[in-house]
1. Say whether the condition of being at pLDDT 90 or above, over 46 Å from the mean Cα position of the chain (by Cα), more than 14 Å from residue 103 (Cα to Cα) and surrounded by 13 or more Cβ atoms within 10 Å (Cβ to Cβ) is met by at least one residue in the stretch 121-136.
2. Is it the case that residue 79 is touching a strand residue (DSSP E or B) at 6+ places or on another chain (Cβ under 7 Å), outside any strand (DSSP E or B) and either at pLDDT 85 or above or surrounded by 10 or more Cβ atoms within 10 Å (Cβ to Cβ) (or both)?
3. Only one residue in 135, 112 is in contact with a strand residue (DSSP E or B) (Cβ under 6 Å, 6 or more places away or on another chain) and outside any strand (DSSP E or B). Which one?
């Protein structure tokens with residue numbers, strides 16, 4: 001063998017010995033191999049178990065409450081207030097009985113029927129429809145009540161809210177209309 005081949009062999013043996021010694025020495029000092037990368041799945045949240053009595057409770061900050069809008073007593077800004085008033089008055093108008101849909105001036109007193117129980121008045125509206133009225137019947141838009149019926153007139157008592165919350169009473173009289181339209 002040539003002197004170059006010997007040095008080359010010595011170099012290889014030295015290199016192999018250093019790898020062997022480094023591997024043996026390094027294995028004893030190395031940390032164990034890492035575990036598998038697959039982790040256990042988290043358990044599904046189930047019903048919360050009640051806290052055990054006597055267990056130290058951790059103070060958790062209260063969750064921030066989102067503000068809640070309460071529309072009670074407030075007008076909807078997207079609806080016209082004029083339209084709302086008109087619809088409200090129409091809805092209230094159709095729900096009333098026929099005699100309460102007219103003003104007292106629009107009704108005509110056309111006759112009286114006398115019975116054992118008392119008098120019954122005949123009232124006619126602007127369209128010519130007739131209605132019978134007894135004492136205590138509500139009549140007119142203001143919620144008037146018939147208080148007296150005689151041969152020639154009907155007395156109606158109406159109450160209105162007045163100044164400072166007092167109620168104001170007013171008596172109106174419907175006169176008997178004869179065949180010629182005269183009272």
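1. Checked against the condition, which is being at pLDDT 90 or above, over 46 Å from the mean Cα position of the chain (by Cα), more than 14 Å from residue 103 (Cα to Cα) and surrounded by 13 or more Cβ atoms within 10 Å (Cβ to Cβ), the stretch 121-136 yields at least one hit.
2. no
3. 135
The values are calculated or read from the model by the stated rules, or taken from the named source; none is laboratory data. None of these values were measured; they are calculated from a predicted model. Positions of Cβ are generated from backbone atoms using ideal geometry, with glycine treated the same way; all protein chains shown enter the neighbour counts.
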